[in-house]
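Report on the following structure.
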Amino acid sequence: MKKNNILKVLGLSFLVLVVLTWIIPAGSYSSGSYEKVGTVPLGLFDLTRVPLVAITNLIQYSLVILVIGGFYGVLNKTGVYAPFVEKIAKKMKGKEKRFLIISILVFAILSSVTGMNFALFILVPFFATVIMLMGYNKISAMLSTIGAMLVGSLAATTNSETMSIFSQYFSVKFGSEILARIVLFIMLTVLFILFVIKISKIETKKADKKDAKKASKGKDTKASKKTTTKTSKTKKSEVKAETKEDVIVVKEEKNIPLFDGKNKDNKKSFVPLLVVFIIIFLISAVAMFSWSTLLNVNLFEDIYQSMTEIKIGDYTIIKNILGSFTPFGYWTNYEFIMFVMLTIPFIAWLYNVKFDDAVDGFKEGAKEVIRPAVYVLLACTLYAAMFNNQTGENIFYTITNFFLGFSDKFNALVVALISFVGGIIYSDFASLIGTISTPITSIYSDASMYNIMTFVMQAAYGLAMFIAPSSILLILGLSYFDISYKDYFKTIWKYLVKVLLVIIIIIIVLTMFV
């Protein structure tokens, strides 16, 4: 039911876009001027061709998910992962809310600072498993991980990906409007923490609360009398209660994605695996940050150049051994995938996991995340449909031109509408900015407003990512945790109203001082 719900949302969104291509004429911008070229509708053959285009160009997102799934499949084979996770869950007993806060802060901060959201997904199964073992439901786990990443993306501070895009298209310097971005991040994160804590309940304690409520109202006097006459049997009843509670936990463990609680070896240490986790994250964070573009730091490029020039005779030894190796500062999801793949056999060797067991574990883990990987690709079909023709015209140029017609001077509302509607269609923020940069700069030529303008773009697009079917992070979260779009929206809408109000207030304050 829930699986089909997400599929229906994606399918309906794509069909709506198909209909719009028959109604709204496509357009383009040449020399700063809009040119209407007429309708370029998606036909019957395009209904299959466009998804194939998405698969060809955007399969990197699915590969990241599959590799991370395989990675956790191997972790389960080590025998140390399950005991470690369960140990943390037990230590946090009575401090469950504290762990929710820690999880939200970790994902929100890392997303806001680094912007490497798909690489951050490598931490999601670990945190989600602990949260669900503590008794929280899947929506709480999803919001405390993927949801926190959406908050961090909306309130990006030093996000390398976002800042490099703004630098490229609007010549905005790294750290522009940093105070406003930090204020936005703090406010949205605090509101999100309060929101998640309010809606999150430990499921295993619901029955106890109901019983206590009935007892306080005196509705079950007979039961209370029986209880008082059997005080000598309290120990037996406690044992039974503990047994029942254990059964509940075991049942929940079976539904936790990428977690096998059966494979345990308490004699082995988790410390080496923890070190590997830290190394993966640190190297990925450094390698995926645009040092040259944002900070004019060419250290890694110089090191790369020196390494590739090392020769034995006329043979460039390191360059030929490594192949097409990308220097730090230019890593993408593909390099991250290869890096994780290289750590998997090392982990297997470290914990004496047999080759066949490691392969089986990788297959099991990857198989468990096939559905999220496929759904993420389907979420990209809206974006792929924008490039239905070879000449570059699309209906979003026409939509952008329509909004820009409301004012010939900078208007934050117009920019927000363009970015928000663009977020519903574009899965990739860089492509959206590349599409609207020429139309917007041709109308709003005052470069002094670009700092505020990019802030508005980022906030409006980030807000759209909380609800848009094109949001690959959202679709990943819903499909991974098996949550219906309807249930998610019914939960999140109250928080989004507060987010909108905060964004409006900050933008008004910023425009007052320009």
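Structure notes:
- Of the residues making up region 151-165, those that are in a helix (DSSP H, G or I) and either on the phi > 0 side of the Ramachandran plot or surrounded by fewer than 24 Cβ atoms within 10 Å (Cβ to Cβ) (or both) are Ser160, Glu161, Thr162, Ser164.
- First in region 396-408 and within 9 Å of Ala26 (Cα to Cα), second anywhere and among the small types (Gly, Ala, Ser), Cβ under 6 Å, 6 or more apart: Tyr397/Gly27; Tyr397/Ser28; Thr398/Gly27
- Residue in region 321-340 that is over 30 Å from Phe170 (Cβ atoms), touching a Phe, Trp or Tyr at 6+ places or on another chain (Cβ under 9 Å) and in contact (Cβ under 8 Å) with a residue 40 or more places away in the chain present: yes
- Hey, Ile483 crowded, with 21+ Cβ neighbours inside 10 Å, at pLDDT 90 or above and over 19 Å from the mean Cα position of the chain (by Cα) or not: no
- Lone qualifier among Tyr81, Tyr34 - being under 27 Å from Gly135 (Cβ atoms) and either of a type in the set (Ser, Thr, Tyr) or at pLDDT 90 or above (or both): Tyr81
- The sole residue among Ile370, Ile344 that is within 24 Å of the chain's Cα centre (by Cα), over 28 Å from Thr48 (Cα atoms), modelled with pLDDT of 85 or more and β-branched (Val, Ile, Thr) is Ile344.
- Where a residue in region 431-447 is farther than 15 Å from Phe166 by Cα and its partner, wherever it lies, is at pLDDT below 90 and exposed (fewer than 14 other Cβ atoms within 10 Å of the Cβ), with Cβ under 6 Å and at least six apart: Ser442/Gly32
A quick yes/no check of all residues on (1) more than 15 Å from the chain's Cα centre (by Cα); (2) hydrophobic (A, V, I, L, M, F, W, C); (3) surrounded by 23 or more Cβ atoms within 10 Å (Cβ to Cβ):
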position: Ile68; (1), (2), (3): no, yes, yes
position: Lys87; (1), (2), (3): yes, no, no
position: Lys97; (1), (2), (3): yes, no, no
position: Leu100; (1), (2), (3): yes, yes, yes
position: Ser111; (1), (2), (3): no, no, yes
position: Leu120; (1), (2), (3): no, yes, yes
position: Val130; (1), (2), (3): yes, yes, yes
position: Ala141; (1), (2), (3): no, yes, yes
position: Met149; (1), (2), (3): no, yes, yes
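- Scan region 348-374 for residues that are part of a helix (DSSP H, G or I) and crowded, with 22+ Cβ neighbours inside 10 Å and the total you get is 5.
- Among the residues of region 474-494, those that are among the aliphatic types (A, V, I, L, M) and in contact with a Pro (Cβ under 8 Å, 6 or more places away or on another chain) comprise Ile475, Leu476.
- Val124 being in a helix (DSSP H, G or I) and either under 14 Å from the mean Cα position of the chain (by Cα) or among the basic types (Lys, Arg) (or both): yes
- Here Lys498 fulfils each of the conditions (1) modelled with pLDDT of 95 or more; (2) among the basic types (Lys, Arg); (3) part of a loop (DSSP other than H, G, I, E, B) apart from (3).
- Residues within region 310-347 that are touching a helix residue (DSSP H, G or I) at 6+ places or on another chain (Cβ under 7 Å), of a type in the set (A, V, I, L, M, F, W, C) and surrounded by 13 or more Cβ atoms within 10 Å (Cβ to Cβ), tallied: 10
- Candidate set: region 399-440, residues that are over 30 Å from the mean Cα position of the chain (by Cα) and part of a helix (DSSP H, G or I); chosen: the one nearest to Ala460 (Cα to Cα): Leu404
- Residue match in region 109-116 (condition: assigned to a helix (DSSP H, G or I), touching a residue at least 60 places away in the same chain (Cβ under 8 Å), in contact with a helix residue (DSSP H, G or I) (Cβ under 9 Å, 6 or more places away or on another chain) and within 25 Å of Lys490 (Cα to Cα)): no
- Some residue of region 22-45 being surrounded by fewer than 20 Cβ atoms within 10 Å (Cβ to Cβ) and over 26 Å from Asn401 (Cα atoms): yes
The values are calculated or read from the model by the stated rules, or taken from the named source; none is laboratory data. From a predicted model like this one, the values you see are computed outputs, not experimental measurements. As a convention, Cβ positions derive from the backbone with ideal geometry for all residues, glycine included, and neighbour counts pool all protein chains shown.
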